[in-house]
Amino acid sequence: HFWAQISHAGRQTPARVNPEPRAPSAVPLELPGGQFGTPIELTELEIRDIIRRFGIAAAACKAAGFTGVQIHSAHGYLLSQFLSPKSNRRPDAYGGELRNRARVLLNVLKTVREAVGPEFPVAVKLNSADFQKGGFEFEDSLQVAQWLEEGSVDLIEISGGTYEQPKLVGIEGLEPEQAQNVKASTKMREAYFVDFAIAMHEKVKVPLMVTGGFRNRRVIEQAVREGAADLVGLGRPMCVDTDAPRQLLSGVEELNRYEDRLHGLPAWLSFLERLDPVRIMSAFSIIYWYYIQIEELGKNGKARPEISPMRAFIRVLRR
């Protein structure tokens, strides 16, 4: 299988790409540095057009030979922005109570399903929570998952966080992480979102995929064996080691944890990370290090793990 992920960045579009991105509301990202412009609130006509375009994109993916599609509604991108009361302050049918905030996602799912037919796999990537005060919470995620199941989704991938609170890559944001009402497990600590998937399994029957933090083969096997996840997602390891699944299947106990040895600043400058702008720059430099690895794979066929995070940061900004 080879599925395509379909997404719209909304207000998380870099200013160098679009200084005036569209979003549910004109609420800018609370990040220093001016990398993201103040968004312009979408009109209802524009929202309906975006919903239509998701269907066009899904049909194009199917025609091109993909065997499934995933609708990205996590990590603070556009559909995730609609779900969050922190970024969605609309007074119309697309804002306010949860059902309204979920309307765009549910309509996108309906449009995509109509575009690809009943037999073509359609997944949704959904935040377990934004981990921000006033944001999308786990109780909301449980309800949205049930609505997605009613809407004939085939798979839900559980993740979490946004650019402001990058839980998805294990990095702290500027504000304290907002605790969620979910029972904590001590079984699989390396996996960020397993506890949320365990709790979600009690409410939905649709298969769940969990991504974030998995590196150890025994933990991955345990997650599947004990029903914490029907599938496990690997992201960052494959930005460098493209044969990571083969390594695990051949008996390797643990994948490389590149993030454990990446540092945005040299040790002698680490004291500067007490300053919020520097801390955010340092965090994004590690994220951008992975972007550069993907670029190197595409251009040259192999990663370049020797590149420093700061060099990666400068290289991405120059583009």
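Here, each number is a calculation from the coordinates, and none is a lab measurement. Note that the structure is predicted; figures quoted are calculated from it, not measured. FYI the Cβ positions are ideal-geometry reconstructions off the backbone, even for glycines, and counts take in every protein chain you see.
Things worth noting here:
- Ordering of 99-105, 13-19, 155-161, 49-55 by burial proxy (mean other Cβ atoms within 10 Å per residue, highest first): 155-161, 99-105, 49-55, 13-19
- Subset of LYS62/LYS205; LYS110/LYS205; LYS86/LYS299; LYS86/LYS205 violating a 31 Å alpha-carbon distance limit: LYS86/LYS299
- The chain, helix-only ellipticity at 222 nm - DSSP H runs n ≥ 4, -39,500 (n - 2.57), divided by all residues, nearest 500: -11000 deg cm²/dmol
- Residues considered: ILE307, ILE287, ILE198. Largest GNM mean-square fluctuation over the chain, using C-alpha springs under 10 Å, is found at ILE307.
- The three principal axes of the C-alpha atoms in the chain carry coordinate ranges of 53, 45, 42 Å, sorted with the longest axis first.
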